[in-house]
Amino acid sequence: MDHLNASSKEKSKLNYYLLLIVIFGGFLIFGLSENVKGPAIPIIQTDFLLSESQIGFLLAINSLGYLIACTFTAALSNRIGIKWTGIVAFASMAVSGICLYFSEKYFALSSSYFLLYIGNGMLEIGLGIMAARIFTKNTGFMMNLAHFFYGLSSMVAPIIASWMMKWTIAGGELSWRGMYFIVLLLALLPIIPSFFGKFPEEETNGEENVSYRILLRDPVAWLIVMILSFGVVSELAVGGWLVNFLIKAYSWNIETASGMLSMFFLFFMLSRLIFGPLTDRIGYTLSIMIFAAFSGICSFAAIIIGEKGAILFAIAGIGIAPIYPTVMALLAKRYPKGTGTAITFTVTLMGIASVLGNLLIGVIIEGINRLFHTSNGVIGQQAGYGFIALLSLLCSICCVILFYYLRKKRELI
């Protein structure tokens, strides 16, 4: 009997390690796929002769693909299981890399990005559900640790992208097409441990206790949606717009601008690793409030100071990093019976905000440039990035409201 128990424990331990490889590896691939676009976008803009609004629309289309994925991923995981949902997500990301390589027109480019972000959306929901089911102790720390791997790959992604695009293969540069092709084929690697791992499923009874109808009537759920929306749009906007901002506003070259984006993700990564345990100690709501305010203040200070204060754009990563994983921990704590439903509800609505946010940034930049009759003015870039900084402060304000609401009900999380 003891031998059987020992064997069972060994199998359980091995399975846990396989699931950790899938989750941590998934976040590594996720960070790469999302953040190689920073150095690639200026070159894509030149190749396709795109305006700032078209770039904003391209990023919004990406967010739309992400949003659509959020609407069906939970149902798909209930139908085929979270294991196969993850495998489909990884496979679709690899296929999108092939499509990006062969895209010649703006429509093909947009469609390929759309497919990529459908895969990203499926992956993020899937990884979130997996992590919530596995990390039942020290949830805040473990969520931040899992997302640390996203920050790790995000940190090196801009440098890897700008380096790979200069590779010479068969007498020509690899450029952004070949770079995307190679990077996204890496998404096939986490499929291997996925086949061998046994993924935990959520109990049906728990899922019935938290429905979308209940969430729609819950003010806490809506405040969490606003917190995540403002925080994540601000986070993703940095990956999409910081390199462009530094090139257009300060005439930096792609390598230097990409280096600053990597610095942002260095601070981003270290913040999740160092401050993750702090979120469990001082509370999730208070943690997000402090970190979001710090990020917004740093970004506004960077804009006001100018080129000499550019490092503050990177330091802002310290504040923005813990927001997403801490919100996931907050959801797991607030809705322990039906975390999958709560995550899907929150991230789906966040996807809508992401679409609008990326559109607004592009429109703000172009609108201000037109107002001041300049096609490449610093003021337009500052206005666009100022909007990104404002989102962080709005995230913090929503946390203040949530903090006092929960305190009044004696439900502080």
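The values are calculated or read from the model by the stated rules, or taken from the named source; none is laboratory data. All values derive from a computational prediction rather than experimental measurement. Cβ coordinates were reconstructed from backbone atoms using ideal geometry, including for glycine residues, and neighbour counts include every protein chain displayed. Surface accessibility is based on the protein's heavy atoms, side chains included, excluding ligands, DNA and RNA. Shrake-Rupley method; radii C 1.70, N 1.55, O 1.52, S 1.80 Å.
Observations on the model:
- For first residues located in the stretch 91-104 and touching a residue at least 12 places away in the same chain (Cβ under 8 Å), partners that are assigned to a helix (DSSP H, G or I) and open to solvent by 40 Å² or more (accessible area, probe 1.4 Å) and lie 6+ apart or on another chain with Cβ distances below 6 Å form the pairs Ala94/Leu185; Ala94/Leu188; Ser96/Leu115; Gly97/Phe181; Gly97/Leu185; Tyr101/Arg177; Tyr101/Phe181.
- Residue, nearest to the chain's Cα centre (by Cα), within the stretch 213-240, restricted to residues that are more than 18 Å from Ser396 (Cβ to Cβ) and at pLDDT below 80: Gly239
- Lys37 under 17 Å from the mean Cα position of the chain (by Cα) and of a type in the set (Lys, Arg): yes
- From the list Asn62, Asn78, the one residue that fits, being modelled with pLDDT under 90 and buried (at least 24 other Cβ atoms within 10 Å of the Cβ), is Asn62.
- Of all the listed residues (Leu270, Leu330, Leu286), the sole one being in contact with a helix residue (DSSP H, G or I) (Cβ under 7 Å, 6 or more places away or on another chain) and surrounded by fewer than 23 Cβ atoms within 10 Å (Cβ to Cβ) is Leu286.
- Taking the criterion of being modelled with pLDDT of 75 or more and either open to solvent by less than 60 Å² (accessible area, probe 1.4 Å) or not in a helix (DSSP H, G or I) (or both), the residues of the stretch 356-377 that qualify are Gly357, Ile361, Gly362, Ile364, Ile365, Glu366, Gly367, Ile368, Asn369, Phe372.
- Odd one out for Gly38 among (1) farther than 30 Å from Thr339 by Cα; (2) surrounded by fewer than 19 Cβ atoms within 10 Å (Cβ to Cβ): (2)
- Filtered by the rule that a residue be surrounded by fewer than 24 Cβ atoms within 10 Å (Cβ to Cβ), farther than 18 Å from Ala161 by Cβ and among the aromatic types (Phe, Trp, Tyr), the stretch 227-267 gives Tyr250, Phe267.
- Looking across the stretch 85-104, the residues that are open to solvent by 10 Å² or more (accessible area, probe 1.4 Å), modelled with pLDDT of 90 or more, farther than 17 Å from Thr73 by Cβ and not β-branched (Val, Ile, Thr) come down to Cys99, Tyr101, Phe102.
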